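S.K.: Have a look at this one before I ask anything.
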Amino acid sequence: MPIIEVRDLSKTYTYHRKAPGLWNSVKSLFKRQTLTTEAVKRVSFTVEAGELVGFLGPNGAGKTTTLKMLAGILYPTTGEARVLGYVPWERKAAYQKQFSIVMGQKNQLWWDLPAMESFLLNKEIYEIPEPQFKETLNELTELLDLHEVLDVQVRKLSLGQRMKAELTAALLHRPKVLFLDEPTIGLDVVAQQKMREFIKAYNQQQKTTIMLTSHYMEDVAALAQRVIIIDRGIIFYDGPLTGLAAKVHEHKTVRMTFTKPVAATDLPAFAHIIERTPTTATVRIPRKDSARRTAEMLKTLPIDDITIEEEPIDDVIRQVFLNHAQPA
Amino acid sequence: MQRYIRLFFRYLSTDIIREAEFRGGFFLLLVSNLIEFTVTVAFFSLLYGSVPTVGGWSYPEALFLVATYSIIGNLSGAFFLRNFARFSEYIRTGLLDTFLTKPVDAQFAATLRYHAISNLISLLPSVALLMISLHRLGLTITVVNAVGYVLLLVLGLIIVYCLWFAISLLAFWLTQINELQELWFSLYDFARYPPPIYDGGVRILFTFVIPVLTVVAVPTEFFLEHTQPAAIGYNVAIAATLLIVTRLLWKVGLRRYASASS
Ligand SMILES: Nc1ncnc2c1ncn2[C@@H]1O[C@H](COP(=O)(O)OP(=O)(O)OP(=O)(O)O)[C@@H](O)[C@H]1O
Ligand SMILES: [Mg+2]
């Protein structure tokens, strides 16, 4: 049975344009301009236990909105969702004890207090038994290298340290489902890498189901086997990362080194030349029949070495967004 | 229930840690509370310098009322102020999210999370004034009086919580305003004076529609032995009704809550 089931989920924000101030607010109660944004439109997907799904899309695509509905923060306009069998926006304590949401741009830790105080508060809130609390905290501080900063006020921590502390707070109750909204935002390359390694290891060890959004392609390439791509509230790809390349790119890139000089005219007509010197060539060949065509080149050309490459994943995704951004 | 009491004390303890950190702010608040208190008392002694009674209340009776007003004011300042002061910000900035995803009642967490401990210290002058007025009245403290008074104070605090919460809840509908707190303070000010000084309309408004007058007057009158059971019953009914109504408003508000982008 899937852990997360979403069917035809939609969210339309209704908001009002209004001027600041008490009087204008009161006035706006009676007469105001109503604006709407369809942030999420009839989205459906399921996630199985233990999966780590990358949830991608350009700014304003509806990722955060979807995660907020799954976390029970927002009521959907229409549609259904179940996580661990619960309707998220009913906010049952039994559900809330089994998931966590971490938003990279919002802190849950108490700003003026040492991180440890927030952890102790969570222990109380989630009713975590003392031995389990100790064990989990030790494990997490070990994995995240957090020992020295436990007793420092959160506002004095670096962004990287703070994100680690946020993550620790979110994992103390050993959630079965974890929503991570841009957990690596603003971190330096090294810290990003560390965070990524942690998330990957945690997912593998604990079998936690994770949905993660990020604008960093490295995150996605390193972490998620499966991606869901959303744009303007609509899902237009759901599947393995590798399949995405096939969907978007009709070509593969072939790099060759020759044993003796080869003229441009000697290269087959189906090979679109990207770069060429007398003894090397990089060409693009149609994905279709690529095996047969490569064999043909191996036969006709004096090839010393050959590599066939997929497009780099961030190029692929960029391509997806670009294609999609063009008016239909 | 037990869990909520434990949580409440954990919140309280984190605030003691926090206030110890910001000693400057702590003393500033204490001093400003004391000044405000002194001004109120001075005003009453001036007023009674020219008239023997106000609305049938003698000077020491009015002092008892002021002391009660100030005790409830300081207690609600200690336990409610810092929460309601943030409430519209929670909604505007989406900070409410944090409370909505945790397995603790979100109303409890959002409205009883923060405390201003220094307000508890300003209880001392209020209690001293209470004693002085009792001495002047020649009244002694009996068990019935004391217990009844404390229970009615708690009841008053519940009503204050609800009224203040109801005002703060307006933030779900009027997001861009910060003046809501001022609105509460000016309402509560009406409870500082003996109710008879207000004439018809105002008195009805603040007894039945926005019942701030009874909050302070009922415990005071109980202690001074002027109270009819009807007034106590009225406050109990008001407190129960307001708890239910604000709970419903909170639920309706949450349905409107749109968090904040990002
Ligand atoms: N509280 C809100 N009120 C009104 N509109 C909102 C609100 N939150 C989001 N929106 C709008 O809904 C759409 C989706 O926003 P959302 O935050 O879900 O996007 P996102 O995919 O998370 O984007 P990003 O990558 O920038 O975080 C956007 O057009 C946004 O402006
Ligand atoms: Mg977002």
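The values are calculated or read from the model by the stated rules, or taken from the named source; none is laboratory data. Treat the numbers as computed from the prediction; the structure is a model and nothing was measured. Positions of Cβ are generated from backbone atoms using ideal geometry, with glycine treated the same way; all protein chains shown enter the neighbour counts.
S.K.: Just to be sure, is A:G50 within 14 Å of ligand 1 (Cβ to nearest atom) and away from chain B (no Cβ under 11 Å)? Steps first, please.
M.R.: Working: within 14 Å of ligand 1 (Cβ to nearest atom): no; away from chain B (no Cβ under 11 Å): yes.
For A:G50, the condition - within 14 Å of ligand 1 (Cβ to nearest atom) and away from chain B (no Cβ under 11 Å) - is not met.
S.K.: Filter the range B:134-162 for residues that are without any contact (Cβ under 8 Å) to a residue 12 or more places away in the chain, part of a helix (DSSP H, G or I) and within 24 Å of B:T53 (Cβ to Cβ) and give the result. Walk me through how you get there before you give the answer.
M.R.: Let us first name the residues in the range B:134-162 that are without any contact (Cβ under 8 Å) to a residue 12 or more places away in the chain, namely B:135, B:138, B:140-144, B:146-147, B:150-151, B:154.
Among the residues that remain, those that are also part of a helix (DSSP H, G or I) are: B:135, B:143-144, B:146-147, B:150-151, B:154.
Selection gives B:H135 alone.
S.K.: Does A:G72 qualify as being within 16 Å of ligand 1 (Cβ to nearest atom) and touching a helix residue (DSSP H, G or I) at 6+ places or on another chain (Cβ under 6 Å)?
M.R.: Values: within 16 Å of ligand 1 (Cβ to nearest atom): yes; touching a helix residue (DSSP H, G or I) at 6+ places or on another chain (Cβ under 6 Å): yes.
Answer is yes for this residue.
S.K.: Of everything in the range A:41-78 that's under 30 Å from A:Q205 (Cβ atoms) and among the basic types (K, R), which residue is farthest from ligand 2 (Cβ to nearest atom)?
M.R.: If we take residues in the range A:41-78 being under 30 Å from A:Q205 (Cβ atoms) and among the basic types (K, R), then A:K68 is farthest from ligand 2 (Cβ to nearest atom).
S.K.: Any idea how many residues of the range A:123-157 are assigned to a helix (DSSP H, G or I), of a type outside the set (S, T, N, Q) and in contact (Cβ under 8 Å) with a residue 24 or more places away in the chain?
M.R.: Going through the range A:123-157 one residue at a time, the tally reaches 9.
S.K.: Also: Within the range A:160-188, can you find the residues that are among the polar types (S, T, N, Q) and in contact with a Pro (Cβ under 7 Å, 6 or more places away or on another chain)? Quick ask: steps written out before the conclusion?
M.R.: Residues of the range A:160-188 that are among the polar types (S, T, N, Q), as a first pass: A:161, A:168, A:184.
Of everything in the range A:160-188, nothing turns out to be among the polar types (S, T, N, Q) and in contact with a Pro (Cβ under 7 Å, 6 or more places away or on another chain).
S.K.: Can you pull out the residues in the range A:53-66 that are near ligand 1 (Cβ under 8 Å from one of its atoms) and closer than 23 Å to A:R82 by Cα?
M.R.: Step one: list which residues in the range A:53-66 are near ligand 1 (Cβ under 8 Å from one of its atoms), which gives A:57-66.
Hits for the range A:53-66 are A:G57, A:A61, A:G62, A:K63, A:T64, A:T65, A:T66.
S.K.: Could I ask something else about it? Suppose the filter is within 15 Å of ligand 1 (Cβ to nearest atom) and β-branched (V, I, T); does A:I4 pass it?
M.R.: Working: within 15 Å of ligand 1 (Cβ to nearest atom): no; β-branched (V, I, T): yes.
For A:I4, the condition - within 15 Å of ligand 1 (Cβ to nearest atom) and β-branched (V, I, T) - is not met.
S.K.: If the Cβ limit is 8 Å and pairs must be 6+ apart or interchain, which residue in the range A:168-191 that is more than 14 Å from every other protein chain (Cβ to nearest Cβ) and farther than 26 Å from A:P2 by Cα pairs with which residue that is within 16 Å of ligand 2 (Cβ to nearest atom) and not in a loop (DSSP other than H, G, I, E, B)?
M.R.: What qualifies is A:T184/A:M163; A:T184/A:D219; A:L187/A:M163; A:A191/A:M163.
S.K.: Which one of these does A:N107 not meet: (1) more than 15 Å from ligand 2 (Cβ to nearest atom); (2) of a type outside the set (A, V, I, L, M, F, W, C); (3) out of contact with any strand residue (DSSP E or B) (no Cβ under 6 Å at 6 or more places or on another chain); (4) not in a loop (DSSP other than H, G, I, E, B)?
M.R.: (4) is the only condition that A:N107 fails.
S.K.: Among the residues of the range B:39-57, count how many are touching a residue at least 24 places away in the same chain (Cβ under 8 Å) and either over 21 Å from the mean Cα position of the chain (by Cα) or surrounded by fewer than 13 Cβ atoms within 10 Å (Cβ to Cβ) (or both). So that I can check it myself, show each step before the final result.
M.R.: Initially, the range B:39-57 is screened for residues touching a residue at least 24 places away in the same chain (Cβ under 8 Å), giving B:40-41, B:54-57.
When the remaining residues are screened for being either over 21 Å from the mean Cα position of the chain (by Cα) or surrounded by fewer than 13 Cβ atoms within 10 Å (Cβ to Cβ) (or both), the result is B:54-57.
Counting residues in the range B:39-57 that are touching a residue at least 24 places away in the same chain (Cβ under 8 Å) and either over 21 Å from the mean Cα position of the chain (by Cα) or surrounded by fewer than 13 Cβ atoms within 10 Å (Cβ to Cβ) (or both) gives 4.
S.K.: Let me ask something else about it. Just to check your reading of the model, which residue among A:L120, A:L113 is in contact (Cβ under 8 Å) with a residue 12 or more places away in the chain, within 27 Å of B:M1 (Cα to Cα), within 14 Å of chain B (Cβ to nearest Cβ) and away from ligand 2 (no atom under 16 Å from the Cβ)? Walk me through it before giving the result.
M.R.: Values: A:L120 fails: in contact (Cβ under 8 Å) with a residue 12 or more places away in the chain.
On inspection, the qualifying residue turns out to be A:L113.
S.K.: In the range B:95-120, which residues are surrounded by 20 or more Cβ atoms within 10 Å (Cβ to Cβ), at pLDDT below 90 and either part of a loop (DSSP other than H, G, I, E, B) or within 14 Å of chain A (Cβ to nearest Cβ) (or both)?
M.R.: B:A116
S.K.: Residues B:V245, B:V236, B:V252, B:V216: which one is in contact with a Ser or Thr (Cβ under 7 Å, 6 or more places away or on another chain), modelled with pLDDT of 85 or more, away from ligand 2 (no atom under 16 Å from the Cβ) and in a helix (DSSP H, G or I)?
M.R.: On the way: B:V245 fails: in contact with a Ser or Thr (Cβ under 7 Å, 6 or more places away or on another chain); B:V236 fails: in contact with a Ser or Thr (Cβ under 7 Å, 6 or more places away or on another chain); B:V252 fails: in contact with a Ser or Thr (Cβ under 7 Å, 6 or more places away or on another chain).
Residue meeting the stated conditions: B:V216.
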